[in-house]
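Step one of this worksheet: look at the structure below.
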Amino acid sequence: QKEVEQNSGPLSVPEGAIASLNCTYSDRVSQSFFWYRQYSGKSPELIMSIYSNGDKEDGRFTAQLNKASQYVSLLIRDSQPSDSATYLCAVITGGGNKLTFGTGTQLKVEL
Amino acid sequence: DAGITQSPRHKVTETGTPVTLRCHQTENHRYMYWYRQDPGHGLRLIHYSYGVKDTDKGEVSDGYSVSRSKTEDFLLTLESATSSQTSVYFCAISGYENTEAFFGQGTRLTVV
């Protein structure tokens, strides 16, 4: 079982819609969860971090964490073509601050 | 942008030669990471460091070694490069336990 799992997509949504990206993790004691966005040919950039159960909102982005279900999600409201990218879920697992990524979900926002 | 510099940015090398990639940071961050990124595999952790001279293996460490003799530098060495190590390599840094990491610009390595 992979430590962090995501659907690879692509996930296609129309402009203005809500995009929902999902991630599951295997280490029950994980405490820190992150979403990164990566444009083709670029480095990953942090867009959200979440540490507690529930929702965390930042502009058009909402991260949701459910530790009991070992599930993290990212909602993007009012999706724009500029949101088209690969979204990477990351979890700190084990000791030494080991940061593990999922394989990423490709999002396409269509006009 | 976090002060992270990877060098070189691009490199072509021959099979069997040793290669060293450098990650240099000016943030005095404790944690440093090396990842490789290949189509369909996302970011895979090679090695990471939680302090000077403190390193540990990630999920794809075979064929790679690392060294961290000072806070600002984390070196990744391919002892004898193989074609399967052709990839984009990213360095990342993090300042505190359980907090986010920031990435360098990446190094594109081609082994021919």
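In region A:76-96, the residue that is nearest to the other protein chains (Cβ to nearest Cβ) out of those that are surrounded by fewer than 23 Cβ atoms within 10 Å (Cβ to Cβ) and in contact with a Phe, Trp or Tyr (Cβ under 7 Å, 6 or more places away or on another chain) is A:Gly96.
Matching residues to (1) among the basic types (Lys, Arg); (2) within 21 Å of A:Glu110 (Cβ to Cβ); (3) assigned to a loop (DSSP other than H, G, I, E, B):
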position	(1), (2), (3)
A:Val13	no, yes, no
A:Gly16	no, yes, yes
A:Ser20	no, yes, no
A:Val29	no, no, yes
A:Asp55	no, no, no
A:Ser69	no, no, yes
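Being touching a residue at least 40 places away in the same chain (Cβ under 8 Å) and out of contact with any Gly (no Cβ under 7 Å at 6 or more places or on another chain) is a property that A:Gln70 has.
Comparison of B:Ser65, B:Ser61 shows that the only residue that is of a type outside the set (Asp, Glu), over 19 Å from A:Arg37 (Cβ atoms), without any contact (Cβ under 8 Å) to a residue 60 or more places away in the chain and more than 14 Å from every other protein chain (Cβ to nearest Cβ) is B:Ser65. When region B:25-64 is filtered for residues that are of a type outside the set (S, T, N, Q), surrounded by fewer than 16 Cβ atoms within 10 Å (Cβ to Cβ) and under 19 Å from B:Gly95 (Cβ atoms), the ones remaining, listed by number, are B:Glu27, B:Gly51, B:Val52, B:Lys53, B:Asp54.
I need the full set of residues from region B:85-112 which are within 13 Å of the chain's Cα centre (by Cα), of a type outside the set (Phe, Trp, Tyr), at the interface with chain A (Cβ under 9 Å from one of its Cβ atoms) and buried (at least 19 other Cβ atoms within 10 Å of the Cβ), in order please. Within region B:85-112, B:Ala92, B:Gly104, B:Gly106 meet the criteria.
Of the residues making up region A:5-36, those that are among the hydrophobic types (A, V, I, L, M, F, W, C) and under 15 Å from the mean Cα position of the chain (by Cα) are A:Leu11, A:Ile18, A:Ala19, A:Leu21, A:Cys23, A:Phe33, A:Phe34, A:Trp35.
Taking A:Leu111 as the residue in question, decide whether it is more than 9 Å from chain B (Cβ to nearest Cβ), farther than 25 Å from B:Phe90 by Cα and hydrophobic (A, V, I, L, M, F, W, C). Against the criterion (more than 9 Å from chain B (Cβ to nearest Cβ), farther than 25 Å from B:Phe90 by Cα and hydrophobic (A, V, I, L, M, F, W, C)), A:Leu111 qualifies.
Throughout, read-outs are computed from the coordinates displayed, never taken from laboratory work. Every value quoted in this text rests on a predicted model; they were computed, and no experiment measured them. Counting neighbours? That spans all protein chains shown, and the Cβs are built from the backbone with ideal geometry, glycine included.
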